[in-house]
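Comments concern the structure below.
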Amino acid sequence: MKIGIDLGGSHIGIGIVQEGNILEKQEIDITEEMLKQGNVQSYIEKYILEQIHSLLQKYEIELIGVASPGTPKDGKVTNMVNLGIEELEIVNIIKKVFQGSIQVKNDAKCAALAEKTYGSLKQYKDAVFLCLGTGIGGSIFMQGQELKPIRNSGFEIGHMIIQKDGKQCKCGKSGCFETYCSMKRLKKKLIEVMELETQLEAKKLLEIVKQRRNEEKVQDVLEEYIQNLIIGLSNIIDILEPQAICLGGSFVYFEEILYHRLIELYQTKRYVFNKQNLPELKLASLGNNAGIVGATIEM
């Protein structure tokens, strides 16, 4: 048995994984209030240790894998910009209760490994995975192998510039892909134009958007999002020429509202250089379980 920990920008998911299947899972949200109060790091540490300790009482654990935003290296994670954490010594934290094997990988890359091994990308050798959530992360596979730079985890697709002198990103740059196309950004804008309470749950927001999707101001927000998303996708396609691109994160729950319109626009072929053989656009099949599963795939 293995424990997978998905430390996202807005939630923590912890599960027991056996051969790609989640046998038990616990999740908790990281709220905007926690981020404002500045105590999110201690909250994360306490919750993770409590859950690991509880699971160790019930299961024989051979490995704990952590999927984390930011840049994992040498047992630490840095650049967790959406959580406001400069450095988290995650391996040392876990060692307080577990002395076995521990591995830490970028959360988007964990989700990508899960989709490549068990999900929507299983049949493709050249593929790109995009995690559209609190930010945008990604991973690239060529000839069936995950590309891994020497220095850092790399492929910060969310931080490519799609708008010169655009919106300020938490990374310090302006005009980043994720400032226009993260699901967090989309949800915030929808809440603003529909004049809803800021702490609205994602599930309730989706229900309201479905009911009000024909309102002009809502349509404008959704169309702008899709236009910006396809700009980012066209850059990825022209540079990498993948067979398929898989879209994951909370984007998958907006299939009816976003995905079908994206496909319609994408198939006009006017956004890419090689118009004869477009990559397939796939939805992630493992949903929010991908990070937990991918964290346990041994490197």
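Nothing in this text is a laboratory measurement; each read-out follows from the coordinates by a stated rule. Only a predicted model underlies this, so the values are computations on that prediction, with no experimental measurement involved. Note: ideal-geometry Cβ built from the backbone for every residue, glycine included; neighbour counts use all protein chains shown.
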Can you tell me the Rg and the Dmax, both Å, for the Cα atoms in the chain? 18.9, 57
Once label points are set 7 Å from the Cα along Cα→Cβ at both Q26 and I61, what is their separation, rounded to one decimal in nm? 1.0
Overall dimensions of region 81-159 as given by Cα atoms, namely Rg and Dmax in Å: 14.4, 40
19 Å reach of a label modelled at E19, 7 Å along Cα-to-Cβ, counting backbone N of region 267-299: 293-298
Let me check I've understood the local charge: for S68, count other residues with C-beta under 12 angstrom from its C-beta, Lys and Arg +1, Asp and Glu -1. What total comes out? 0
Got a sec? Which residues in region 14-42 would a label at I208 touch, if it sits 7 Å along Cα→Cβ and we count backbone N under 20 Å? 29-34
Grab the other residues whose beta carbon is less than 14 angstrom from that of I161, score K and R as +1, D and E as -1, and report the net. 0
Can you run phi through the Karplus equation (6.51, -1.76, 1.60; θ = phi - 60°) for region 220-236 and list ³J(HN,Hα) in whole Hz, with x for Gly and Pro? 4, 5, 5, 5, 4, 4, 5, 4, 5, 4, 6, 5, x, 5, 5, 5, 4
Percent relative contact order for the chain, counting Cα pairs under 8 Å at least six residues apart, stands at 22
Which order do the peptides 110-117, 240-247, 95-102 take when ranked by the mean count of other beta-carbon atoms within 10 Å per residue, highest first? 110-117, 240-247, 95-102
Reachable lysines from K167, criterion Cα separation under 17 angstrom, eight or more residues apart if same chain: K184, K187, K188, K189
Per the helix-only model, the chain has a calculated mean residue ellipticity at 222 nm (DSSP H runs of ≥4, -39500 (n - 2.57) each, divided over all residues, rounded to the nearest 500) of -10500 deg cm²/dmol
When DSSP assigns beta bridges and you keep just the ones with both residues in region 1-106, what percent turn out antiparallel, to the nearest 5? 65
Farthest towards the positive end of the dipole of region 1-81, among L63, G75, M34 and with Cβ unit charges of +1 on Lys and Arg and -1 on Asp and Glu, lies the Cα of G75
What lysines sit close enough to K46 to cross-link, taking a C-alpha to C-alpha distance under 21 Å and skipping anything fewer than 8 places away on the same chain? K2, K25, K36, K58, K76, K95, K96, K105
If r is the Cβ-Cβ distance from K125 to S174 and R0 is 41 Å, what FRET efficiency results, to the nearest 0.05? 0.70
Over region 1-116, calculate the relative contact order: mean separation of alpha carbon pairs under 8 Å at least 6 apart, over the residue count, as a percent. 27
Can you tell me, using C-alpha contacts under 8 Å and at least 6 residues apart, the relative contact order of region 221-299 as a whole percent? 44
Given backbone amide H placed at 1.01 Å from N, residues whose amide H is under 5 Å from that of G249, ignoring those fewer than 5 places away on the same chain, are L132
Against the 2.2 N^0.38 Å scaling, with N counting residues, where does region 76-218 land? I'd like the Cα-based Rg ratio to two decimal places. 1.25
Kirkwood-based Rg over Rh for region 164-299 (C-alpha set), two decimals? 0.98
Of all DSSP beta bridges located in the chain, what percent are antiparallel, nearest 5? 60
When D29, D107, D126 are ranked with the fewest other C-beta atoms within 10 Å first, the list becomes D29, D126, D107
Rg to Rh for region 1-159: what is it, with Cα atoms only and Rh by Kirkwood? 0.95
